[in-house]
Amino acid sequence: TIGWHQHIHETEPYYILSGEGTFIDNDKSKTTVHAGDICTIEPGQWHSMENNGQEDLVFMALIYND
């Protein structure tokens, strides 16, 4: 699990490589994510990620300054 947090002046996309998880967005909506999905967090937004599948949730997070 990656806890609820915020990035100021940064964009952060998550690219899901394998597994299944739940992405919690700025408005606290929950989306089930799978391999091949991309979650994009805009500057100033809050977010978190949970692994609630039977296997490891593997993803790549990139952070770049705006």
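Brief remarks follow.
- A value for volume of the Cα convex hull per residue in Å³ was derived from the coordinates, and within the list (1) 147; (2) 76; (3) 65 it appears as (3).
- Percent accessible area from carbon and sulfur atoms, the chain, protein chains only, probe 1.4 Å: 48 percent
- A simple count of charges around Lys30, restricted to other residues whose Cβ falls under 15 Å of its Cβ and scoring Lys, Arg +1 and Asp, Glu -1, yields -4.
- Ranking by accessible area, most exposed first, for Thr22, Thr40 with a 1.4 Å probe: Thr40, Thr22
- In percent, rounded to a whole number, the relative contact order of region 1-62 is 48, using alpha-carbon pairs under 8 Å and six or more apart.
The values are calculated or read from the model by the stated rules, or taken from the named source; none is laboratory data. Predicted model, so just to flag it, every value in this text is computed and none were measured. Quick reminder, even Gly has a Cβ in these numbers, built from the backbone with ideal geometry, and neighbours come from all protein chains shown. With ligands, DNA and RNA removed, areas are computed over all heavy atoms of the protein, side chains included. Shrake-Rupley method; radii C 1.70, N 1.55, O 1.52, S 1.80 Å.
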